[in-house]
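Worksheet: the structure to be examined is printed underneath.
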Amino acid sequence: MREILRLSVPIACWLAGFSAVYALQALSCSRHWPEGLPIRPVLLLGWGLAIAVQAALLWAILRDPAGSPFLRFTGRSLAIVALVASAWTLMPVALTSVCL
C-alpha cells in the first residue's frame with residue numbers, strides 16, 4: 001500500500017494545487033471576490049504553498065527507502081516531476097495579469 005501512495009500522492013497533490021490556484025484566479029475575476037482583498041498575494045501564496053507541499057513530499061520520499069530499486073527510482077522521479085510541474089504550470093499566475 002505504501003508503494004501505491006509513493007507513486008500516486010505527488011501527482012495527485014500537483015493536480016489539487018493546480019486546480020486550487022486556478023480556481024482562485026477564476027474566482028478573483030468574478031464578482032464574488034471580496035472587494036478590498038488584493039488577488040496577487042493570494043495567488044502567490046497558493047503557488048508557494050503548492051511548491052512547498054511538493055518539496056515536502058519529495059523530502060519524505062527521499063528519506064523513506066522503498067523495497068525495490070524500481071519503486072525507489074519511480075517514486076523519486078514522480079516526486080521530482082510533480083515539483084517541477086508545480087513550479088512550471090503555476091508560474092503564469094505570478095507572471096501574467098490576473099484578469100484579461
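Per-structure values
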read-out: Number of positions in segment 57-85 that are under 26 Å from L24 (Cβ atoms) and touching a residue at least 40 places away in the same chain (Cβ under 8 Å); value: 8
read-out: Segment 1-41, residues that are touching a residue at least 60 places away in the same chain (Cβ under 8 Å) and outside any helix (DSSP H, G or I); value: C29
read-out: In segment 42-56, the residues that are hydrophobic (A, V, I, L, M, F, W, C) and touching a residue at least 12 places away in the same chain (Cβ under 8 Å); value: V42, L43, L44, W47, L49, A50, I51, V53, A55
read-out: Of the criteria (1) in a helix (DSSP H, G or I); (2) buried (at least 17 other Cβ atoms within 10 Å of the Cβ); (3) not polar (S, T, N, Q), which one L45 fails; value: (2)
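Values in this text are rule-based calculations from the coordinates and carry no lab data. Note that the coordinates shown come from a computational prediction; the quantities given were computed from them, not determined experimentally. FYI the Cβ positions are ideal-geometry reconstructions off the backbone, even for glycines, and counts take in every protein chain you see.
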